[in-house]
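Take a look at the structure below.
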Amino acid sequence: MRLFAVMLLASTATPAIAQDHTGHVMPAASAADTTCQQEADRHRAMGHSVPDGSCAPTGERTAEPPAADDHATMDHAAMGHAAMDHGQAEATDRSHTDHASMGHGELGGTDHSAMNHASPGDAQMEMSPIRQGPPPAAAGSGPSHAADAIWGAEAMRASRDALRVEAGGLMSRFWFQADRAEYRAREGKDGYLWDLQGYYGGDIDKFWFKSEGEGSFGEQPEGAEIQGLWSHAIGPWWDLQAGIRQDLTGPERTYAVVGVQGLAPYLFEIDAAAFLSTKGDLTARVEAELDQRVTQRLILQPRTELNLAAQDIPELGIGAGFDSIELGLRLRYEIAREFAPYIGVEQEWKLGQSADFARLAGEDPSVTNYVIGVRFWF
């Protein structure tokens, strides 16, 4: 009877203890844990009810954790646990979460490969349209003119000829521009100026023609010339030009011309040439202009022109060294891209010996011109 009473007492006490500790982490496995498990097995063999997890070792979780409020009010010291702050307990409990059971790797080393994540490098390789390395050998294994098999050689021959002309630099075109055609208001008699150029040819080789001249109304032109040049592309932005120049006023002169024309860095349009006359006179001219867009149709254009000479040419009023310089500023409005009226101002100076020649001829070596004109091309 005494033994039965002890067993009955143990069977009623154990569920209460297990119920109180449901959801808690038990102390580390020890001899007491082993004895508790043996007693639990013996009571189950006798038909007594023993809750699962009542003797769970440290680190295992039981089925249902208690509510947060109940857990916070438990007396852990009375249960043999070390006293701790509730926030600390929650942090400790979270740190023991079994990441492996969630499909993650070890704590601190999450296994993203199970989550079908692609690395940034893989995504970049998939998105990149650039093929690395040489093309495959099969890329050039087909026939030279595959379309002949569908449309016939005769039909495709005409198409290839047209493509060769249009895209192969063989098609010729005509272009003409009046860069400056203007009226000049200045002290004394007002004047005029023209500056024309154009070409006929293809992308590589062209025949280029130019003409410049100026004068005062009611008088003979002060200067007029025409040039005929062969132009050959020496790069994507520059043409080499060579030909002849003929003066139409003053002492008759014919010049051999060699120069370059093109687009310099920062979009400066450059035209530079050297001239050797039939009299042995060597001169040079450099022109530069830059289009600065104020709006889509309003353009401000600074321009400069520098003339030089290797020797004095008294009959032309030219001195050795720097002959003259012009600085101008024009504001044009493009009514259409091909047609743009403008206004502006330009200052001219004769320099060095050329200024002395101008004074001897009764001319002012410094002249300010207020200009109005039109720029057009087709």
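Can you tell me which of Glu289, Glu334, Glu326 is more than 21 Å from Arg253 (Cα to Cα), surrounded by 14 or more Cβ atoms within 10 Å (Cβ to Cβ) and under 28 Å from the mean Cα position of the chain (by Cα)?
Numbers: Glu334 fails: under 28 Å from the mean Cα position of the chain (by Cα); Glu326 fails: under 28 Å from the mean Cα position of the chain (by Cα).
Selected residue: Glu289, the only one of Glu289, Glu334, Glu326 that is more than 21 Å from Arg253 (Cα to Cα), surrounded by 14 or more Cβ atoms within 10 Å (Cβ to Cβ) and under 28 Å from the mean Cα position of the chain (by Cα).
Within region 338-356, is there a residue that is surrounded by 13 or more Cβ atoms within 10 Å (Cβ to Cβ), touching a Pro at 6+ places or on another chain (Cβ under 6 Å) and either of a type in the set (Gly, Ala, Ser) or over 19 Å from Ala185 (Cβ atoms) (or both)?
yes
Within region 200-212, is even one residue among the aliphatic types (A, V, I, L, M), farther than 21 Å from Ala284 by Cα and touching a strand residue (DSSP E or B) at 6+ places or on another chain (Cβ under 8 Å)?
Within region 200-212, the subset among the aliphatic types (A, V, I, L, M) is 204.
When the remaining residues are screened for being farther than 21 Å from Ala284 by Cα, the result is 204.
When the remaining residues are screened for being touching a strand residue (DSSP E or B) at 6+ places or on another chain (Cβ under 8 Å), the result is 204.
Yes - at least one qualifying residue is present in region 200-212.
Where residues in region 357-375 are touching a residue at least 24 places away in the same chain (Cβ under 8 Å) and not in a strand (DSSP E or B), which of them is surrounded by the fewest Cβ atoms within 10 Å (Cβ to Cβ)?
Narrowing region 357-375 to residues touching a residue at least 24 places away in the same chain (Cβ under 8 Å): 357-358, 361, 364, 367-375.
From the residues that got through so far, the ones that are not in a strand (DSSP E or B) too are 357-358, 361, 364.
Working: Phe357: 21, Ala358: 19, Ala361: 8, Asp364: 14.
Within region 357-375, the match that is surrounded by the fewest Cβ atoms within 10 Å (Cβ to Cβ) is Ala361.
Would you check which residues across region 337-378 are among the hydrophobic types (A, V, I, L, M, F, W, C) and within 44 Å of the chain's Cα centre (by Cα) and list them? Talk me through it step by step, then tell me what you get.
First, pick out the residues of region 337-378 that are among the hydrophobic types (A, V, I, L, M, F, W, C): 339-340, 343, 345, 349, 351, 355, 357-358, 360-361, 367, 371-372, 374, 376-378.
Selection gives Phe339, Ala340, Ile343, Val345, Trp349, Val371, Ile372, Val374, Phe376, Trp377, Phe378.
Are any of the residues in region 212-230 over 21 Å from Phe176 (Cβ atoms) and either of a type in the set (A, V, I, L, M) or touching a residue at least 40 places away in the same chain (Cβ under 8 Å) (or both)?
No - not one qualifying residue is present in region 212-230.
When you check Gln311 against the structure, is it at pLDDT 95 or above and over 45 Å from the mean Cα position of the chain (by Cα), yes or no? Lay out the reasoning, then the answer.
Details: at pLDDT 95 or above: yes; over 45 Å from the mean Cα position of the chain (by Cα): yes.
Judged against the criteria, Gln311 is a match.
Can you go through Gly262, Gly235, Gly243 and tell me which one is assigned to a loop (DSSP other than H, G, I, E, B) and farther than 29 Å from Asp364 by Cα?
Numbers: Gly262 fails: assigned to a loop (DSSP other than H, G, I, E, B); Gly243 fails: assigned to a loop (DSSP other than H, G, I, E, B).
It is Gly235.
The values are calculated or read from the model by the stated rules, or taken from the named source; none is laboratory data. Quick caveat, the model's predicted, so the values are computed rather than measured. As a convention, Cβ positions derive from the backbone with ideal geometry for all residues, glycine included, and neighbour counts pool all protein chains shown.
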